[in-house]
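Structure incoming, see below.
The values are calculated or read from the model by the stated rules, or taken from the named source; none is laboratory data. Source: prediction; values computed, not measured. Here the Cβ positions follow ideal geometry from the backbone for every residue, glycine too, while neighbour counts run over all protein chains shown. What goes into the accessible areas is simple: the full protein's heavy atoms, side chains included, and nothing from ligands, DNA or RNA. Shrake-Rupley method; radii C 1.70, N 1.55, O 1.52, S 1.80 Å.
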Amino acid sequence: MVEGALTSPVPQFTGARRRLVEELRAKGIASQSVLDAFERTARHAFVPSGMRHRAYEDSALLIGSGQTISQPFVHARSLELLALEGAERVLEIGTGSGYQTVLLSHLAREVYSVERIDDLIERAGDAVRTAGATNVHLRCGDGTLGWAEYAPYDAIVVSAGAPGIPQPLLDQLAEGGRLITPVGDRDEQRLVLVVRNGSTFDRTMLDPVRFVPLVGEHGWNG
Ligand code: SAH
């Protein structure tokens, strides 16, 4: 029964979720498929139980192990920039709670997601299963190395900030593929959109954001 309550959420959360979707629309998210993904994904199932009453606020929340579930608007903006049409193979770096992973599962064909913290990937795995997503593949490891086995990816989304864009991620981006990643210092970054055009990578600097650090071989040292 508890699991059922998470997959088909109880009424008060349905209302809260709808208000979040309207808030995202009012803040400028225009993609109907992205808004639909938010409508279909129970964010309260991805936050610690003591935080559930705040799950539909447009804010980042602590999820344990010193990490955060990102602000819904930042997820929405990143997903909109990826311009997914449903047939893509997507790589996500920094699974965290698994919330964005499930949003992606509604927008793409296959989702590959890498998280470096054991505890988080285990909990995310449970949440992803409870959400009923069957096109998600999770792995514990250093996401700055990408996930070469299933490359190339039509889209890559990085959920932690780094001083630069890890080269393995650029290498694993498909022709015409889109990559979105926060780049900057440890406390503040800008979202950067990269579009691959043959051997050229066109970069556009976008919104200022604050993500936790991307820790790994091609990121920060710890
Ligand atoms: N989109 C996630 C964001 C979680 S915060 C959510 O909303 O829940 C970013 C996550 O990136 C953290 O869980 C952190 O542990 C992870 N991370 C940091 N460096 C990483 C790396 N090199 N490889 C994989 N995951 C990493």
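Taking segment 33-54 as the search range and keeping residues that are over 21 Å from Ile117 (Cβ atoms) and assigned to a loop (DSSP other than H, G, I, E, B), which one is nearest to the chain's Cα centre (by Cα)?
Thr41
Next up: Within segment 70-95, count every residue that is of a type outside the set (A, V, I, L, M), in contact with a strand residue (DSSP E or B) (Cβ under 8 Å, 6 or more places away or on another chain), within 9 Å of the ligand (Cβ to nearest atom) and open to solvent by 10 Å² or more (accessible area, probe 1.4 Å).
Qualifying residue count for the region: 1.
Also, I was wondering about something else. Hey, among Gly146, Gly161, which residue is at positive phi and free of Cβ contacts under 8 Å to residues at least 60 places away in the same chain?
Gly146
While we're on this one: Which residue, of Ser159, Ser105, is open to solvent by 10 Å² or more (accessible area, probe 1.4 Å), within 11 Å of the ligand (Cβ to nearest atom) and at pLDDT 95 or above?
Answer to the selection: Ser159.
Still on this model: How about segment 26-39: which of its residues are surrounded by fewer than 16 Cβ atoms within 10 Å (Cβ to Cβ) and either more than 16 Å from Leu82 (Cα to Cα) or in contact (Cβ under 8 Å) with a residue 60 or more places away in the chain (or both)?
Scanning segment 26-39 gives Ala26, Lys27, Ser33, Asp36, Glu39.
What tally of residues in segment 137-155 results from selecting those that are more than 10 Å from the ligand (Cβ to nearest atom) and closer than 18 Å to Ile69 by Cα?
1
Moving on. Restricting to segment 117-130, count the residues that are buried (at least 24 other Cβ atoms within 10 Å of the Cβ) and more than 10 Å from the ligand (Cβ to nearest atom).
Within segment 117-130, residues that are buried (at least 24 other Cβ atoms within 10 Å of the Cβ) and more than 10 Å from the ligand (Cβ to nearest atom) number 1.
Sticking with this structure for a sec: Considering every residue within segment 183-196, establish whether at least one is surrounded by fewer than 22 Cβ atoms within 10 Å (Cβ to Cβ), within 22 Å of Val102 (Cα to Cα) and either in contact with a Gly (Cβ under 6 Å, 6 or more places away or on another chain) or not aliphatic (A, V, I, L, M) (or both).
No; the residues of segment 183-196 include none that is surrounded by fewer than 22 Cβ atoms within 10 Å (Cβ to Cβ), within 22 Å of Val102 (Cα to Cα) and either in contact with a Gly (Cβ under 6 Å, 6 or more places away or on another chain) or not aliphatic (A, V, I, L, M) (or both).
So Val114 clears everything in (1) open to solvent by 30 Å² or more (accessible area, probe 1.4 Å); (2) within 8 Å of the ligand (Cβ to nearest atom) except one condition, right? Which one?
Of the numbered conditions (1) open to solvent by 30 Å² or more (accessible area, probe 1.4 Å); (2) within 8 Å of the ligand (Cβ to nearest atom), the odd one out for Val114 is (1).
So is Gly146 surrounded by fewer than 21 Cβ atoms within 10 Å (Cβ to Cβ) and at pLDDT 95 or above or not?
Values: surrounded by fewer than 21 Cβ atoms within 10 Å (Cβ to Cβ): no; at pLDDT 95 or above: yes.
Answer is no for this residue.
Yes or no: segment 42-56 includes at least one residue that is open to solvent by 70 Å² or more (accessible area, probe 1.4 Å), within 16 Å of the ligand (Cβ to nearest atom) and of a type outside the set (S, T, N, Q).
yes
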